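Reading through the structure tokens given below for one structure.
Here, each number is a calculation from the coordinates, and none is a lab measurement. A quick note: this is a predicted structure, and the numbers were derived from the prediction, not measured. Using ideal geometry, Cβ is built from the backbone for each residue, glycine included, and neighbour counts are taken over all protein chains shown.
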Amino acid sequence: MSGGRRHLLGLGVLAALAGLAAALRILLDRSPEGTLSLALPQPAWAWVRWTALAVGATVGSGLATSGVLLQALLRNPLASPFILGISAGAGLGVMSAMYVGHVAGVTTGSNLGPALIGALAVLAVVYTLSQRGGWLDPVSLVLVGVIVSAICGAMIMFLQHLVPSGLHGEITRWMMGRIPESTPAATLIMAGGLSLAGVIVAMIMGRAMDAATLGDDEARSVGLALGRLRVWMFVLAGALTAAAVALCGPIAFVGLIAPHAARLVLGPHHTLLVPAAALVGIVLVVGSDVTRQAIDLGGGRMPIGVFTALIGGPAFIWLLRSGKGQA
């Protein structure tokens, strides 16, 4: 089979899996008695399932694309939005807005704005502190990102202790990652549009990312403006992560695992890797949402972050042990 046909087949398989996960999210129904069945939802609550599906697809594709960008940026297959502090920065922005809203007695509305502010603020700090000789140093970027992530995490916990106990449960569920079944239309449209635009832009940047992963000297020898490319990749990854955190809270491992799964199917070329990773991200997030709908342990439905961590944790260990996670 030729390379082109193999790539088309691989994309087709991933698209079919994403479609299957989407169909199950719409059709899976649990009766009040706990019986599972497949049926079209009643019109009165159909929008709830469609909203959850749209949120899951937006978050999955956005986090996966962000992971591809960061792994190419750092030439490190273990890079993810969590390592560089982007998720923590976005989470701190949302948490700060929640606290200010509580103190002022007002409704904060959409989390997208605070998440973007937090993510971009962290990006500015990490980018500034990672400069060496006027260039972005990937090793310093990781070290600074880990430290900034820890600081943001501590500040989130500090703010969490300042809010009334009645809000602790909601904040805890948000921090564990959950798919909301009711989201303001404007927020969902903006986040969905940002995620789609991010996938398209990353595909356009695919050949440049291929060259950037070869090394600084090789990239410059073909006329690639490496510094400018890194800035665009960094900012785009931050914006996509912020949109995901605003919708669902921090969700672990999607940005790490989806690019690796896509590489197994389609190889390392980023023009194809980006849409493949986006599809895998949709399968992971929407599939986890389907799983939590199907499992009822009597304590309410679990956050999807539980399932992505159960999948991603062992996969992360395997990458380390196998050597596939070495830069």
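Note on the chain: GNM, Cα springs under 10 Å; of Thr291, Thr172, Thr241, the largest mean-square fluctuation is that of Thr172. Taking 7 Å steps out from each Cα toward its Cβ at Thr172 and Ile151 produces label points 2.9 nm apart.
Springs between Cα atoms under 10 Å define the GNM used for the chain, and in it the highest mean-square fluctuation of Leu116, Leu188, Leu20 occurs at Leu20. Along each principal axis, taking the top coordinate minus the bottom one, the Cα set of the chain gives 64, 56, 38 Å in descending order. Loop-located trypsin sites (Lys or Arg not before Pro) across the stretch 1-83 with a Cβ neighbour count of 15 or fewer within 10 Å are Arg75, with loop assigned by DSSP.
With helices as the sole contributors, the chain gives -25500 deg cm²/dmol at 222 nm; each DSSP H run of n ≥ 4 counts as -39500 (n - 2.57), and the sum is divided by every residue. Which FRET efficiency, nearest 0.05, do Ala46 and Ala185 yield, Cβ-Cβ r, R0 22 Å? Between Ala46 and Ala185 the formula returns 0.90. Return the single residue from Leu24, Leu247, Leu40 with maximal mean-square fluctuation; model: Gaussian network over the chain, springs between Cα atoms under 10 Å. Judging by the Gaussian network model, the answer is Leu40.
Residue separation of Asp216 and Ala294 scaled by 0.36 nm, minus their Cα-Cα distance, works out to 23.3 nm of gained length. Of the peptides 257-269, 59-71, the order by per-residue mean of other Cβ atoms within 10 Å, starting with the highest, comes out as 59-71, 257-269.
Under the convention that each Lys and Arg Cβ holds +1 and each Asp and Glu Cβ holds -1, the size of the dipole of the chain around its Cα centre is about 460 debye.
Translational D (Stokes-Einstein, µm²/s) of the stretch 153-280 at 25 °C and 0.890 mPa s when Rh comes from the Kirkwood sum over C-alpha pairs? Don't jump to the answer; show the numbers that get you there.
Values: Rh = 16.9 Å.
Value of D from the Cα-based Kirkwood radius: 145 µm²/s.
When the alpha carbon gyration tensor of the stretch 224-305 is reduced to an equivalent ellipsoid, its three semi-axes come out at 30, 17, 8 angstrom, largest first. Here's the picture: charge each Lys and Arg Cβ at +1 and each Asp and Glu Cβ at -1 in the stretch 1-76, and of Ile26, Leu73, Ala54 the one pushed furthest to the positive end of that dipole is Leu73.
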